[in-house]
Amino acid sequence: MAALGLGLQVRQFSTSVLRQALIRPPIDVYGVGGRYATALFSAASKQKKLEQVEKEMRTLSALIKDPKLSSIVMNPHVKRSLKLKFFGDAMTKANLSPISVNLITVLADNGRLTLTADVVGAFAKMMSAHRGEVICTVTTAHPLDEANLAELKVALNGFLAKGETLI
């Protein structure tokens, strides 16, 4: 019984250290892609390279949309090592930083390269919130005229906190 209590204490000590070391993003994004994006945000902010990594994530997004690379990377029948080799060659040509290369390596090692687009999307949401952008979608039956649009923007800006901008 005493060993069980000690095991719980040791577990609590180990996780509390990890929680303090992780830099939290401004918003939480859930799912597997959100976990990888949170780790990426933390690593990039510790090295003060958030903007650089955001730019590289856009490059990765373009790489994923390439039909030749996508047919290999998204195919479940291709071995992980081969996927990483093809993706690695493309990342070398794009001259990506070690943070981005490490992300792709971890995704490949864990068999989650198919989630790269989800990770990039989640990271983009975090960076948007980091800049203070609030994304708002308004759907109307008819297009708004200038007077109604201006009135709507004023009303929506009333919900924003200081330092936030409406997109």
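The values are calculated or read from the model by the stated rules, or taken from the named source; none is laboratory data. Just so you know, these numbers come straight off a predicted model, no measurement behind them. Here the Cβ is made from the backbone with ideal geometry for all residues, glycine too, and neighbour counts use every protein chain on show. Protein only, heavy atoms only, side chains kept; ligands, DNA and RNA dropped before computing areas. Shrake-Rupley method; radii C 1.70, N 1.55, O 1.52, S 1.80 Å.
Taking the numbered list (1) touching a residue at least 12 places away in the same chain (Cβ under 8 Å); (2) within 23 Å of L166 (Cβ to Cβ) in turn, D145 passes all entries but (1).
With respect to the stated conditions, E56 fails to be open to solvent by 50 Å² or more (accessible area, probe 1.4 Å), modelled with pLDDT of 90 or more and within 13 Å of the chain's Cα centre (by Cα).
Restricting the search to helices (runs of 4 or more DSSP H) fully inside region 37-140 and requiring at least 1 residues that are acidic (D, E) gives 50-65, 80-94, 98-109, 116-130.
Criterion applied to I135, I72, I104, I64 was being touching a Gly at 6+ places or on another chain (Cβ under 8 Å) and free of Cβ contacts under 8 Å to residues at least 60 places away in the same chain, and the one residue passing it is I104. When A147, A117, A122, A141 are checked against the criterion of being open to solvent by less than 80 Å² (accessible area, probe 1.4 Å) and more than 30 Å from P76 (Cβ to Cβ), A147 stands alone in meeting it. Evaluated against (1) farther than 25 Å from Q47 by Cα; (2) in a helix (DSSP H, G or I), L144 falls short on exactly one condition, (2). The single condition from (1) assigned to a helix (DSSP H, G or I); (2) without any contact (Cβ under 8 Å) to a residue 40 or more places away in the chain that D28 fails is (1). Put simply, of A94, A108, A147, A124 the only residue that is closer than 22 Å to A37 by Cα and modelled with pLDDT of 90 or more is A124. Taken together, the criteria place N102 among residues that are surrounded by fewer than 16 Cβ atoms within 10 Å (Cβ to Cβ), modelled with pLDDT of 90 or more and of a type outside the set (A, V, I, L, M).
A quick yes/no check of all residues on (1) farther than 18 Å from Q52 by Cα; (2) not assigned by the TED database to the domain that holds E51:
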position: L107; (1), (2): yes, no
position: G111; (1), (2): yes, no
position: L115; (1), (2): yes, no
position: G121; (1), (2): no, no
position: C136; (1), (2): yes, yes
position: T140; (1), (2): yes, yes
position: E146; (1), (2): yes, yes
position: L152; (1), (2): yes, yes
position: K162; (1), (2): yes, yes
